[in-house]
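S.K.: Take a look at this one; I'll ask things after.
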Amino acid sequence: MWMGLKGEKRLDKPGKNCLKDFLMYNSHYELVYNQIVDGIKIKVLNQDESVVMTEFELQKGTLLPEHNHTSDHTAYLLKGKIRMVANGIATDFYQGDNWCIKKDLSHTTEALEDSVILEVFNVEPENEVFGILNRAQQTTI
């Protein structure tokens, strides 16, 4: 007997595919980028009822227009260099930096180099992630 990720007792032995029963799992072969503006693409890496993980690819020189979010967003810069402007304050982020954008904070993001951002945030059913459909529920989030 062993414990599952949610604390439940399991009689079966852990095996090759048993974690798929307990974890949110997506194969990288199933993931597709969506163009949100010229030079900026996003793909949803994983999603459940409450949390989404996305990857942004930004080409050097592109600007993600001013926007805000309905929940806090935590991010990690996997590659490149970006400039984020919020409340009139510009901050440069470099590969390996991370940050949290609080909900309702208007901001822009400019790619100073080709960049890749990993972003994690909570979702509510009525929220939209740049028009990408919630694959699990087939509704916009």
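The values are calculated or read from the model by the stated rules, or taken from the named source; none is laboratory data. Owing to the predicted nature of the structure, the values given are computational and were not obtained by experimental measurement. A quick note on method: Cβ atoms are made from the backbone with ideal geometry, for glycine too, and the neighbour counts reach across all protein chains shown.
S.K.: What residue, of GLU110, GLU66, GLU55, is modelled with pLDDT of 95 or more, assigned to a strand (DSSP E or B) and of a type outside the set (S, T, N, Q)? Outline the logic, then answer.
M.R.: Values: GLU66 fails: modelled with pLDDT of 95 or more; GLU55 fails: modelled with pLDDT of 95 or more.
One residue alone meets the criteria, GLU110.
S.K.: State the number of residues belonging to segment 63-107 that are loosely packed, with under 11 Cβ neighbours inside 10 Å and farther than 19 Å from VAL123 by Cα.
M.R.: 6
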